[in-house]
Amino acid sequence: MQQNIPLKLEELRHRRLQYMKSLRGDTKKASMLDRLALWITNKVGSMGFFLLIFAWTVFWLGWNMLTPEKARFDPYPAFVLWLFISNMIQLFLLPLIMIGQNLQSQHSELRAETDLKINELAEIENETILIHLENQNEMIIEILKNMENRVKNAGAQ
């Protein structure tokens, strides 16, 4: 009577759980240095960090332009010390941000693969439901035919 044998519910749940475990396990596998790079990437890429650097720059340049000459430690207009410190910050943060972005990209690719697998599994689940419905329809039609035959046989007697 059954045309196709659908997967059991337990098998479908087991597959879905395996996909989710692989996604969760990816973040736990990251080394301490990778987690540090991700943390720095997230913090440096925030508006708070931008405001901190902006405030530091305004204070530094303002102090060295507006205070009396004896109080200045990085003379206007060169700001050599400010440029040196700014460049050092950039040189140290650039590779860390790139590492963090690479790690985020790898995790994003894994998440996309997991989403694809779960979507494929949902398609199998839909097909399973359709197979069950088709089988039920066939059984109902067969039951109706049997009942009609019984009614005809009972009426003929």
Are any residues in segment 1-39 under 30 Å from F92 (Cβ atoms) and modelled with pLDDT of 75 or more, and if so, which ones? K29, A30, S31, M32, L33, D34, R35, L36, A37, L38, W39
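For every residue, the table says whether it meets (1) in a helix (DSSP H, G or I); (2) hydrophobic (A, V, I, L, M, F, W, C).
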site	(1), (2)
M65	yes, yes
A78	no, yes
F92	yes, yes
Q104	yes, no
E109	yes, no
T114	yes, no
E120	yes, no
I131	yes, yes
M147	yes, yes
Where a residue in segment 66-85 is at pLDDT below 90 and its partner, wherever it lies, is among the hydrophobic types (A, V, I, L, M, F, W, C), with Cβ under 9 Å and at least six apart: Y76/L61; Y76/M65; P77/M65
Looking at segment 98-107, is at least one residue over 30 Å from R35 (Cα atoms) and of a type in the set (A, V, I, L, M)? no
Scan segment 115-128 and report the pairs whose first residue is surrounded by 13 or more Cβ atoms within 10 Å (Cβ to Cβ) and whose second residue is assigned to a helix (DSSP H, G or I), with Cβ atoms within less than 6 Å and a gap of 6+ or a chain change. K117/Y19; I118/Y19; L121/R15; L121/R16; E125/L12
Only one of (1) surrounded by 11 or more Cβ atoms within 10 Å (Cβ to Cβ); (2) over 24 Å from S31 (Cβ atoms) is not met by L93, so which one is it? (2)
Would you please list the contacts, defined by Cβ atoms under 8 Å and residues six or more apart or on different chains, that run from a residue in segment 27-55 that is surrounded by 14 or more Cβ atoms within 10 Å (Cβ to Cβ) to a residue that is not in a helix (DSSP H, G or I)? L38/A30
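The values are calculated or read from the model by the stated rules, or taken from the named source; none is laboratory data. Small disclaimer: the values here were computed from a predicted structure and weren't measured. No Cβ is skipped: glycine too gets one built from the backbone with ideal geometry, and neighbour counts run over all protein chains shown.
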